[in-house]
1. Taking the Cβ of each residue in VAL103, VAL123 as the centre, tally the other Cβ atoms inside 10 Å and list the residues starting with the fewest.
2. What does the C-alpha gyration tensor say about the overall shape of region 23-139? Classify as rounded when a/c is under 1.5, otherwise prolate if a/b is larger than b/c, or oblate.
3. Return MET81, MET62, MET132 ranked ascending by Cβ neighbour count within 10 Å, so the fewest neighbours appear first.
4. Which of the trypsin sites (Lys or Arg not before Pro) found in region 87-146 are loop residues per DSSP with 16 or fewer other Cβ atoms within 10 Å of their Cβ?
5. Treating the beta-carbon of each Lys and Arg as +1 and of each Asp and Glu as -1, no other charges, what is the dipole magnitude of region 23-139 about its Cα centre, to the nearest 20 debye?
6. Counting Lys +1, Arg +1, Asp -1, Glu -1, what net charge surrounds TYR98 among other residues with beta carbon under 13 Å of its beta carbon?
7. Is the shape of region 41-97 rounded, prolate or oblate, going by the alpha carbon gyration tensor and its root eigenvalues a ≥ b ≥ c, with a/c under 1.5 for rounded and a/b larger than b/c for prolate?
Amino acid sequence: MRGIITILLLMCSMHSFALQPSPDLGPQQVVRFQLDSLRTNTADNDGIASTFTFASPANKRMTGPLARFSSLFDNPRYAPMLNHQSSDIELLSNDGRYAKFAVELIDQNGSIHHYRFELSRQVGGSCTECWMTDSVMWAPKPGRSA
């Protein structure tokens, strides 16, 4: 029994950086994947790269290419997202085309940070009907936007 529990814990702690945008993923699943990717980021920044994969085309135009996107995590507002301890996601709104989430994140040092994720369902292009992230904003206090 103990061996089975150990295997289950290992499976739950592993994270696949291979997930790609898909119409089968809901907006909360996308946010969870991005947060888990950042939580398990490696020295090669695989987690940041996986997060960038789910950035909407409009977001990528503003924050890309990947090297520029990666540098955003040098900012003290976004650095706590890397290798954080845990995060909670709360749905603020979802009208079927746009979704907003409040995220409370506990960083490596145990400090609490708040963010707002905004996603949209894509129309046209290579990922029609996929939920992708348009923006992530640091929120100075819960319930308030940046």
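Read-outs throughout are calculated quantities, based only on the coordinates presented, and are distinct from any laboratory measurement. This is a predicted model, so every value here is computed, not measured. Methodologically, a virtual Cβ is constructed for each residue, glycine included, from the backbone with ideal geometry; neighbour enumeration extends over all protein chains shown.
1. If I rank by nearby Cβ atoms, fewest first, I get VAL123, VAL103.
2. oblate
3. MET62, MET132, MET81
4. Passing sites in region 87-146 are ARG97, ARG144.
5. 340
6. Result for the neighbourhood of TYR98: +1.
7. oblate
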